[in-house]
Amino acid sequence: MDTVLRLAALCLLGALLAVLLRRGGGELALLLALCAAACAAALLIAAGEPLAALLRTLADKTGLSGAVFTPLWKVLAIALTVRVGGAFCRDAAQGALASVLETAGAVCALTAAAPLLLAVVELVEGWL
């Protein structure tokens, strides 16, 4: 809960300052938003460590190989990166670049998930 309040305060303060900076020019507002996002990412990485430990414990207890969990982590990272990157592109009035980034993210996510799909196919073949 504490992390969420910190993030909310950081984002609201960043948004307020960005509105003030947009009046003079949008470049500084975008730079401020990038800095606020970097600070938020640092807070989230620290807060996400217990979740990562839990997922590692689940992976150990289930006995599933890293070939199952690694693609999931990659797809999650791709999705978060594309979401944040697309939002920054839209803030910079570059909707076309945001669309290209989202398309590239979809292709990369499918590529990252391919080993998981192959594992499912091998599992089904084993049943037949």
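A short reminder: the numbers here are calculations on the coordinates, not readings from a lab. Being a predicted model, the structure only gives us computed values, none of them experimental. Positions of Cβ are backbone-derived with ideal geometry, glycine not excepted, and every protein chain shown enters the neighbour counts.
Within the chain, which DSSP H helices have Cα atoms that stretch 15 Å or more along the helix axis and a mean Kyte-Doolittle hydropathy of at least 0.5? Intermediate values should be presented prior to the final figure.
Numbers: long enough: 2-22 (30 Å, 1.84); 26-47 (31 Å, 2.28); 49-62 (20 Å, 0.16); 66-91 (37 Å, 1.02); 95-127 (47 Å, 1.51).
The answer, listed by residue number, is 2-22, 26-47, 66-91, 95-127.
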Report, in deg cm²/dmol and to the nearest 500, the calculated mean residue ellipticity at 222 nm for the chain, where each DSSP H run with n ≥ 4 adds -39500 (n - 2.57) and the sum is divided by the residue count.
-32000 deg cm²/dmol
Label zone at Ala92, where the point sits 7 Å out along the Cα-to-Cβ direction: region 10-47 residues whose backbone N lies under 19 Å:
15, 18-19, 21-41
Full extension from Val19 to Leu5: what is 0.36 nm times the residue separation minus their Cα-Cα distance, to one decimal in nm?
2.9 nm
Report the label-to-label distance for Leu28 and Ser99 in nanometres (one decimal), using points 7 Å from each Cα along the Cα→Cβ vector.
3.3 nm
